[in-house]
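Read the structure below first, then the notes.
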Amino acid sequence: MKSKKPTSSLLIAIFTVIISICAIFTFVPMKFGTTTYTGVWGNIGISSSVYGGLYAEYDIVGDANSSQVVNSMEKIKSLLGEQGYQSTNVFAVDNSKVRVEIGYPKTVTNSFSAAYSALSSIAVGSFEFRSSSGDDYVAVVGSKHVKEINVADYNGTTYLTIEFNDAGEEQFKSLCAASTTVYVYMGDNLQTSFSVSNLSNYSQIQLSVADYASAKDFYYKAMYGSLEIQLNGDTMEINTMSAPLGLGSNEGASVVLIELLVLIALLIVAGFVYMAVKFGIASLLLMPIMMLNAIISCWIFAGISMFEINVPSLISIILSLSIVFGGSICYMSRIAEEYKQGKTIDASIEAGTKKAKPALLVTSAVMIALFAVLAIITKGELASASLVLTIAGALNILTNVLLLPWFVNIYNRTNKEQGKPFRFVQGGENND
Amino acid sequence: MTKRKYPLAIFAIISLAIVAVSAIIVAIFGINSSVEISGGSQIEITMSYEQDGVHYDGKQNTQNYVSEINKVLANHSASIDTYVVEDKLVDTYLIVRIAQKEIKNADSIKTEIATALSIDEARVSNVENLASYFSNRLILYIGLALLAVIAICFFTAWLRYGILAGVSMIFMVLHNFIISLALVFLTRIQFSMITLCTVVALTILSTFAFASILERNRENSKSSQYAELDSNEKMMLATKQNKWLLVFAIAVLAISLVFVFTPIKYVRLAGVTSLIALAVAAYSVVLMVPAIHGYLLEMAGTREKKKLSKNVEMKPEKTKTVSRKKKAEEPKEEPAKAEKIKSKTPSKTSKQRTAKTKK
């Protein structure tokens, strides 16, 4: 005779309450006095392909061949991706203009100014080190002489390291011979200056910066200023645009977003209904776990700047739900199989869990490894979609290797009826 | 040895035929790719207008304009790929993008569009060429990522299930990816980032499915219950035992069908592509790859058996040498020896006779 363990059921109840409170803070916007809190998911970026955004057009200065234009466009897309604008569209129009389209980084206020600022810094002008602020100077030019720029923190101080190529090293040597003060220019605008006396190494230079945010801002401007083509900041135009989903309006794009969200909701409901029909109470045990998955996912998406909601990532979210539900079905099916062979419910759960865990661990680990590699190496929409599926693999382990077996065990210990709540059938045909 | 339901040759012929036909179609017609992949053309139409001193943005005409422009472009063997509505200071513009870089009689398009939309020709721009950011370097990055994926698949499967499983896994990933892309090109579905993402995602999910089958096969191999089954039968059993994969496939199928019937082009594209990739994955994971894996295991088993059977015939060297030497030198002596032995050993009847006489 099983003894009741009310503490186990209490644990599940407490878990559910905590999850519900976390869910409120994650999804529900709130107002505290004059402060509006949009919820964690308000910090997730949405791409221009879903909700429209801003575009900018820049005239190309001077002559540029198509290879230089394509390389520069790729660089712009890559840098915007680092800033969190994964689904950027970059085109060259008649090889004389570059057009860049980005979404809003967050749904909170001041995301418009963040996006505007990101576009403005693209046409910052040529990044140069000059020997004087006058007309006669020796210059190290970013596009010709700079190999790499890095930002790093050492012992609480932020450093910007600029590494020169061979030609750049020679030019920098000449610059230092011409002047002990180096003037930093972006376009024709003086940014800062620093002293270069007693330098032993001319292959790179390290600048200390006030804070990480300023260093990053300088880094992006320097990178844009080192493109193979020069963009004219004076004739730059930045304006708003609708989503290019073929609906021609943001209202239409909202319809798309709502449709996909409704599909996600329907998939969740279908998953729970299937679990309830096949495995009874297991669907109820799965509900707080899925809520926890949604909360964790939101926190991760909001925390990672490279993530953006676009059509591929929404589709990946839908696939992720299938993966997690599939894992739960796999786990419960193994227990059902053991019970069908005539074992007791305790023995079935133990044997089923023991057999299902390695399979789920190995398959999820493979998935995590594969999609993580794609998320790191690739850029843009493929990276966003891969990130979602990497998280799906991790959540599959959390749900079906850790939490669901734990909840099933807890429930089983407090339940006197053998296989009935789980709708398991002993011997003969199971409910296949 | 279990006779396979479908010979491997049939699977090989099907896959090669798809690749061959796809290659021919690409060689003749090229790849139907989107503007973001291969660039194209762009036309800008001013939608805003002034009427009775009032400025209107004209956004309510968007769908009508798009429809009319599509009709005009159809006469030039072109069509709209995407379109956006943008604001520029006080004016509103409709930017229409076409996937073709070269349009027939592009000079007359401006006039034809203005006529179709009943607007002044000055409000329609010339056809502008669009170059995309999609460079060779990006293709290289995607290629490197896929190589990394294949390497991880191989080493993971090798460590867990043996080198033959690693080989089968590589084969499956390459097969799924190539055949899915071949079918996309063959069916002239537009190749875009969404298509690529869908193909890659479903290819990797098929490794998830195949790994489940291999895991089950590994478990069954350890069990004495299935000791009598050969490798092919074990693979087929492991495939049948993973019924939950069918539920997963049905869920993906249902989602894909819903996508196919949405009015949004990108989502529809993802739906069609996922239907193709799902069909390829099902064909691969259920039919082809388990058969190949079983065949590889069989070959390895047969080789092992041959090695063992050769070893059974081999006698210890000394005996061999002696017997061979003796056989070579005195083959005729054996019968004589046998006779001698026979005569030395007393027969049963003579023994019995001796016992009887003693009594």
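One table, with the values for the structure above:
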| item | result |
| --- | --- |
| When residues of segment A:182-239 are limited to those that are surrounded by 13 or more Cβ atoms within 10 Å (Cβ to Cβ) and acidic (Asp, Glu), the one farthest from A:Ala64 (Cα to Cα) | A:Asp217 |
| Among (1) modelled with pLDDT under 85; (2) more than 25 Å from the chain's Cα centre (by Cα), the one test that A:Ser328 misses | (1) |
| Selection status of B:Phe208, facing chain A (nearest Cβ under 9 Å) and either part of a helix (DSSP H, G or I) or out of contact with any Lys or Arg (no Cβ under 8 Å at 6 or more places or on another chain) (or both) | yes |
| Some residue of segment A:302-313 being more than 13 Å from chain B (Cβ to nearest Cβ), part of a helix (DSSP H, G or I) and within 23 Å of A:Ala385 (Cβ to Cβ) | yes |
| Residue list for segment A:75-86, restricted to those being under 18 Å from A:Ser47 (Cβ atoms) and more than 15 Å from the chain's Cα centre (by Cα) | A:Ile76, A:Lys77 |
| Which listed residue is of a type in the set (Lys, Arg) and either part of a helix (DSSP H, G or I) or outside the structural domain of A:Arg413 (by TED's automatic domain parsing) (or both), from A:Lys343, A:Lys357 | A:Lys357 |
| Spans of strands (runs of 3 or more DSSP E) in segment B:29-143 with at least 3 residues out of contact with any helix residue (DSSP H, G or I) (no Cβ under 7 Å at 6 or more places or on another chain) | B:40-46, B:49-51, B:54-56, B:80-88, B:91-98 |
| Residue ranges of helices (runs of 4 or more DSSP H) in segment A:101-186 with at least 2 members within 30 Å of the chain's Cα centre (by Cα) and over 25 Å from A:Asn201 (Cβ atoms) | A:111-120 |
| Flag if B:Leu138 is surrounded by 14 or more Cβ atoms within 10 Å (Cβ to Cβ), under 30 Å from A:Gln68 (Cα atoms) and not polar (S, T, N, Q) | yes |
| Unique residue being touching a residue at least 40 places away in the same chain (Cβ under 8 Å), within 12 Å of chain B (Cβ to nearest Cβ) and not hydroxyl-bearing (Ser, Thr, Tyr) when the list is A:Asn43, A:Asn65, A:Asn71 | A:Asn71 |
| Breaking point among (1) in the same structural domain as A:Ser120 (by TED's automatic domain parsing); (2) small (Gly, Ala, Ser); (3) surrounded by 20 or more Cβ atoms within 10 Å (Cβ to Cβ), for A:Gly45 | (1) |
| Residue check for A:Ser126: touching a helix residue (DSSP H, G or I) at 6+ places or on another chain (Cβ under 8 Å), in the same structural domain as A:Val98 (by TED's automatic domain parsing) and in contact (Cβ under 8 Å) with a residue 12 or more places away in the chain | yes |
| Some residue of segment B:146-154 being at the interface with another protein chain (Cβ under 9 Å from one of its Cβ atoms) and either in contact with a strand residue (DSSP E or B) (Cβ under 7 Å, 6 or more places away or on another chain) or closer than 25 Å to A:Ala92 by Cβ (or both) | no |
| Filter result (more than 13 Å from B:Ala201 (Cβ to Cβ), at the interface with chain A (Cβ under 7 Å from one of its Cβ atoms) and part of a helix (DSSP H, G or I)) within segment B:246-288 | B:Val247, B:Phe248, B:Ala251, B:Val258, B:Lys265, B:Tyr266, B:Val267 |
| Selected residue (only one of B:Asn61, B:Asn75 is surrounded by 12 or more Cβ atoms within 10 Å (Cβ to Cβ), within 14 Å of chain A (Cβ to nearest Cβ), under 18 Å from B:Thr115 (Cα atoms) and modelled with pLDDT under 90) | B:Asn61 |
| Residue that is surrounded by the most Cβ atoms within 10 Å (Cβ to Cβ) [pool: residues in segment B:227-245 that are of a type outside the set (Gly, Ala, Ser) and not in a helix (DSSP H, G or I)] | B:Asn242 |
| Residue count, segment A:281-292 (criterion: surrounded by fewer than 18 Cβ atoms within 10 Å (Cβ to Cβ) and either touching a strand residue (DSSP E or B) at 6+ places or on another chain (Cβ under 6 Å) or modelled with pLDDT under 85 (or both)) | 1 |
| Hey, B:Ser224 modelled with pLDDT under 85, hydroxyl-bearing (Ser, Thr, Tyr) and surrounded by fewer than 17 Cβ atoms within 10 Å (Cβ to Cβ) or not | yes |
| Failed item in (1) within 14 Å of chain A (Cβ to nearest Cβ); (2) farther than 30 Å from A:Ile76 by Cα; (3) surrounded by 14 or more Cβ atoms within 10 Å (Cβ to Cβ), with B:Ser41 passing the rest | (2) |
| Selection count, segment A:331-358, where residues are facing chain B (nearest Cβ under 10 Å) and either under 26 Å from B:Tyr266 (Cα atoms) or crowded, with 23+ Cβ neighbours inside 10 Å (or both) | 4 |
| Members of segment B:90-142 that are within 30 Å of A:Gly380 (Cβ to Cβ) and either away from chain A (no Cβ under 13 Å) or over 44 Å from the mean Cα position of the chain (by Cα) (or both) | B:Thr92, B:Gln100, B:Glu102, B:Ile103, B:Ser125 |
| Out of A:Val124, A:Val138, A:Val108, sole residue that is at pLDDT 85 or above, out of contact with any Pro (no Cβ under 8 Å at 6 or more places or on another chain) and not charged (D, E, K, R) | A:Val124 |
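Residues checked against (1) farther than 19 Å from A:Pro358 by Cβ; (2) charged (D, E, K, R):
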{"residue": "B:Arg216", "(1), (2)": "no, yes"}
{"residue": "B:Ser223", "(1), (2)": "no, no"}
{"residue": "B:Met235", "(1), (2)": "no, no"}
{"residue": "B:Ser256", "(1), (2)": "yes, no"}
{"residue": "B:Gly271", "(1), (2)": "yes, no"}
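The values are calculated or read from the model by the stated rules, or taken from the named source; none is laboratory data. Keep in mind that what you see is a predicted model, and the values were worked out from it rather than measured. Glycine gets a Cβ as well: all are built from the backbone with ideal geometry, and neighbour counts include every protein chain shown.
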